[in-house]
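The values are calculated or read from the model by the stated rules, or taken from the named source; none is laboratory data. Computed from a predicted model, the values in this text were never measured in an experiment. Every residue, glycine as well, gets a Cβ built from its backbone with ideal geometry; the counts of neighbours run over all protein chains shown. Each accessible area value is taken on the protein alone, full model and side chains, heavy atoms only, with ligands, DNA and RNA left out. Shrake-Rupley method; radii C 1.70, N 1.55, O 1.52, S 1.80 Å.
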Amino acid sequence: MTCDQKPELFDNGDELPSNHSANPHISELIAGLKRRQVVAAGAAVGALGFLGTALPGSAQATDLKPIAKKVAEAIKRRRERLGFQAVPVTRADTISVPAGYRAKAFIPWGTPLCGRYPAFLEDGSNSAQDQAEQIGMHHDGMHFFPIDGSRGYGKRSDHGLLVLNHEYIEPGMLHRNGPSVSNGKRTSADEVKKEINAHGVSVVEVRRDARGEWNLAPSARNRRITGATPMRIAGPARGHALMRTRYSPEGHAARGTLNNCANGFTPWGTYLTCEENWAGYFATRDSELPRELSRYGVRGTSRYGWDTVPGDEFERFDLTRKGADARDDYRNEANQFGWIVEIDPFNPDATPVKRTALGRFAHEGLVFAPARPGKRVVCYSGDDSQNEYIYKFVSKGRYIPGMSNGRLLDEGTLYVARFEAGNRGRWLALDIRDENFRRACAAAGVSFADQGEVLINTRLAADIVGATKMDRPEWGAINPDTGDVYFTLTNNSSRTQPDPANPRAANPYGHIIRWREASSDHAGNLFAWDIYQFAGPEGEGKGPKGKPLTAANIYASPDGLWFDEDGRLWIQTDMSGSQLAAGPFGNNQMLISDPKTGETKRFLVGPVGAEVTGITATPDFRTLFVNIQHPGEGSTPGDLRSVWPDGAGKRPRSATVVITREDGKRLL
Ligand code: FEO
Ligand code: CA
Ligand code: CA
């Protein structure tokens, strides 16, 4: 989803910054530290290979031949880790991949998936019910579950469940002639239902046939989870007074998941979908908003106007206080969003669960540190809005392979990151049982009745403890070789004050930050960080070890991030507006960067107007699934800005892309 500063009906959905806290940027905490010094310090750290692999040593060898041979072999091996010709920047309306690779569109929006398997109608006339049985719109985060992985980490590479998010919709393309609106109100309940049903998640059983082609398999496991699917609320906010609604007077149940951006998957074989820019789905006529709404950017009108249609299923998007208490209206409906939702893809009857212990914010995604038997589980999540924070959760319980399940995510400690000068950082507990947290609340004059209220107000809790305002945290990924945690910071047009971890003001291109937990203990409180890469054009972009970016790897607005099992970092971009329309970067792209060597190469360029997002592979690494979201963004039936993937005259459709090698071997 792209960034738009004007909240309007049918805008494209990124929320306006709502962190108006007095919480200082870290630069304010470091009196006298000049930006130049900070950048220089970061560069020096990078040059020393702070978190990277040490270069071959300066051995005083008497016989240099064997050493030279070993070095030559090592260099050759490293070169082969990115053994393809970089794809040039382009604005072609197609998928470009290196020679020797194939990219094929798969399960585009509208593909028949379940129920009656209704055919996709090219003129946009499918009904709301049809859409509930078809692949949703605007594919995003995604994971391939091998069919033998119902208890975590299967091995099958020819058969599995592909589970993917549908982040948002473009009503201009979803309906026959765009949305029906009169006097600012939606006039078709079926259209609005279709929009709600085009959101959420698809669970798709997929098989690779003898020719190596992937197909959707008709299956009882195929499932749509939408913006209306009944869900259970779990964790400390379950049953909280601020979670009660007319639909769920006990505060135990919710309807639907919305704006599902990136994702996660658990060690026990379930999918996690993350609710990102949800605030804009709600409207309110109340002039005074409680902190659990105002701190999240809820404002007067809603993005799609769903609240303007009569009926309980739509009125819930109107947060206006109408009744005597919260059980009489939907003042608390928005408190049921901003969570991470766990879905068991192997059980089509399982009710999705909102896991509230993981905090409430604009969750981009969730990435787990490697789960170790007998140890606590740790996972990281970014809050993708300008000047928001990075969080981690540490479970109270221990991981037992084959026994643990989602309840492990209901009890534990949520922390927020403070990136300090000197490349040090600390995790600050947001827990009412924590003495430092209680002291910070008292100093700020803020009170929370219980941990449920802390979590519903996660952003405020993080303000209070002095978390570092970041340049829009997007995806995280963990290097399997080192345990280092990498996060994309996509850009931040509103940054006026640089700080060590966000050293560009404003930051139009974004960067990738990484950290290593002290003693390599992901559950600990201290870490060391550095900046892995500054995105940007030639002359401004800088790779690891200070290597300037070149024509083979310039990019901007990093978003999706993933490590393959061999420790290569895959970077996906979400450039928008002028960055996409003109300038050196071309269409959105996917690059591969090797932390071992510092080499980065462009692997894929997407079609016109599209974002490249979502990535997962089969265990044999012969198939990569990548999502293409919103090709031709902003198109209308009379103005198709892209015709990918179906060709001339056809509406553009978000789709998964199946990437394989022509020789059928491992991708790299
Ligand atoms: Fe939906 Fe933060 O990208
Ligand atoms: Ca994005
Ligand atoms: Ca994203």
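Out of all the residues in the range 341-351, is one or more in contact with a Phe, Trp or Tyr (Cβ under 7 Å, 6 or more places away or on another chain), closer than 29 Å to Ser219 by Cβ and more than 14 Å from ligand 1 (Cβ to nearest atom)? Let's see the steps before the verdict.
First, the residues of the range 341-351 that are in contact with a Phe, Trp or Tyr (Cβ under 7 Å, 6 or more places away or on another chain): 343, 345.
Narrowing further to those that are closer than 29 Å to Ser219 by Cβ: 343, 345.
Still in the list and also more than 14 Å from ligand 1 (Cβ to nearest atom): 343, 345.
The answer is yes, given that some residue of the range 341-351 is in contact with a Phe, Trp or Tyr (Cβ under 7 Å, 6 or more places away or on another chain), closer than 29 Å to Ser219 by Cβ and more than 14 Å from ligand 1 (Cβ to nearest atom).
Considering only the range 575-587, state which residues are touching a Pro at 6+ places or on another chain (Cβ under 9 Å) and open to solvent by less than 10 Å² (accessible area, probe 1.4 Å).
Selection gives Phe585, Gly586, Asn587.
The conditions of being surrounded by fewer than 22 Cβ atoms within 10 Å (Cβ to Cβ) and closer than 30 Å to Thr623 by Cβ are not met by Ser188. Taking the range 191-212 as the range and being open to solvent by 30 Å² or more (accessible area, probe 1.4 Å), in contact (Cβ under 8 Å) with a residue 12 or more places away in the chain and either over 21 Å from Asn165 (Cα atoms) or part of a strand (DSSP E or B) (or both) as the test, the residues that pass are Arg207, Arg208. Evaluated against (1) in contact (Cβ under 8 Å) with a residue 40 or more places away in the chain; (2) open to solvent by 50 Å² or more (accessible area, probe 1.4 Å); (3) more than 24 Å from Pro98 (Cβ to Cβ), Ser520 falls short on exactly one condition, (1). For the range 427-450, enumerate the residues that are surrounded by fewer than 18 Cβ atoms within 10 Å (Cβ to Cβ) and touching a residue at least 60 places away in the same chain (Cβ under 8 Å). Selection gives Asp450 alone. Based on what the data block shows, is Asp471 of a type in the set (Asp, Glu) and surrounded by 24 or more Cβ atoms within 10 Å (Cβ to Cβ)? Considered against the rule, which asks whether it is of a type in the set (Asp, Glu) and surrounded by 24 or more Cβ atoms within 10 Å (Cβ to Cβ), Asp471 comes out as yes.
Comparison of Thr351, Thr356 shows that the only residue that is open to solvent by 10 Å² or more (accessible area, probe 1.4 Å) and of a type outside the set (Gly, Ala, Ser) is Thr351.
Quick check on my filter: what residues within the range 247-279 are aliphatic (A, V, I, L, M) and farther than 16 Å from Gly614 by Cβ?
Of all residues in the range 247-279, those aliphatic (A, V, I, L, M) come to 253-254, 258, 262, 272, 279.
Once the filter is applied, which keeps residues that are aliphatic (A, V, I, L, M) and farther than 16 Å from Gly614 by Cβ, the range 247-279 yields Ala253, Ala254, Leu258, Ala279.
Of the residues making up the range 377-394, those that are over 13 Å from Ile340 (Cβ atoms), within 11 Å of ligand 1 (Cβ to nearest atom) and either under 13 Å from the mean Cα position of the chain (by Cα) or free of Cβ contacts under 8 Å to residues at least 60 places away in the same chain (or both) are Asp384, Ser385. The one condition from (1) of a type in the set (D, E, K, R); (2) away from ligand 2 (no atom under 16 Å from the Cβ); (3) outside any loop (DSSP other than H, G, I, E, B) that Asp140 does not meet is (2). Would you confirm whether or not the range 409-420 contains a residue that is of a type in the set (Ser, Thr, Tyr), in a loop (DSSP other than H, G, I, E, B), more than 16 Å from ligand 1 (Cβ to nearest atom) and open to solvent by 20 Å² or more (accessible area, probe 1.4 Å)? Checking the range 409-420: not a single residue is of a type in the set (Ser, Thr, Tyr), in a loop (DSSP other than H, G, I, E, B), more than 16 Å from ligand 1 (Cβ to nearest atom) and open to solvent by 20 Å² or more (accessible area, probe 1.4 Å). Working only within the range 112-137, note down all residues that are open to solvent by less than 30 Å² (accessible area, probe 1.4 Å) and either part of a loop (DSSP other than H, G, I, E, B) or in contact with an Asp or Glu (Cβ under 8 Å, 6 or more places away or on another chain) (or both). Once the filter is applied, which keeps residues that are open to solvent by less than 30 Å² (accessible area, probe 1.4 Å) and either part of a loop (DSSP other than H, G, I, E, B) or in contact with an Asp or Glu (Cβ under 8 Å, 6 or more places away or on another chain) (or both), the range 112-137 yields Leu113, Cys114, Pro118, Gly124, Asn126, Ala128, Ala132, Glu133, Ile135, Gly136, Met137. For the subset of the range 155-184 comprising residues that are of a type outside the set (Val, Ile, Thr) and within 20 Å of Leu366 (Cβ to Cβ), which member is farthest from the chain's Cα centre (by Cα)? For the range 155-184, the residue satisfying everything is Leu161. The set of residues from the range 611-668 being open to solvent by less than 10 Å² (accessible area, probe 1.4 Å) and of a type in the set (S, T, N, Q) comprises Thr613, Thr616, Thr618, Thr623, Asn627, Gln629, Ser635, Ser642, Ser654, Thr656. Taking the range 588-610 as the range and being more than 16 Å from ligand 3 (Cβ to nearest atom), over 22 Å from Asp566 (Cα atoms) and open to solvent by less than 10 Å² (accessible area, probe 1.4 Å) as the test, the residues that pass are Val605, Pro607.
May I ask you to say which residue of Ala467, Ala505, Ala551 is within 22 Å of the chain's Cα centre (by Cα) and of a type in the set (A, V, I, L, M)? After ruling out the rest, the residue left standing is Ala467. Applying the selection to the range 540-574, what residues are away from ligand 3 (no atom under 15 Å from the Cβ), under 30 Å from Arg641 (Cβ atoms) and open to solvent by 30 Å² or more (accessible area, probe 1.4 Å)? Correct list: Glu540, Thr550, Ala551, Ala552.
Just give me the residues in the range 536-560 being assigned to a strand (DSSP E or B) and either touching a Leu at 6+ places or on another chain (Cβ under 7 Å) or charged (D, E, K, R) (or both), in sequence order.
From the range 536-560, those assigned to a strand (DSSP E or B) are 536, 542, 548, 555, 558-560; that's our starting set.
The answer is Gly536, Lys542, Tyr555, Asp559.
Among the candidates Thr458, Thr482, which residue alone is open to solvent by 10 Å² or more (accessible area, probe 1.4 Å), under 27 Å from Trp562 (Cβ atoms), away from ligand 1 (no atom under 16 Å from the Cβ) and among the polar types (S, T, N, Q)? Can you show your working first?
Numbers: Thr458 fails: open to solvent by 10 Å² or more (accessible area, probe 1.4 Å).
None of the other options fit; the residue is Thr482.
Rundown of residues vs (1) within 16 Å of ligand 2 (Cβ to nearest atom); (2) closer than 21 Å to Ile478 by Cα; (3) in contact with a His (Cβ under 6 Å, 6 or more places away or on another chain), yes/no style:
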| residue | (1), (2), (3) |
| --- | --- |
| Pro345 | no, no, no |
| Pro373 | no, yes, no |
| Tyr380 | no, yes, no |
| Asp383 | yes, yes, no |
| Ile390 | yes, yes, no |
| Tyr399 | no, yes, no |
| Gly402 | no, no, no |
| Thr413 | no, yes, no |
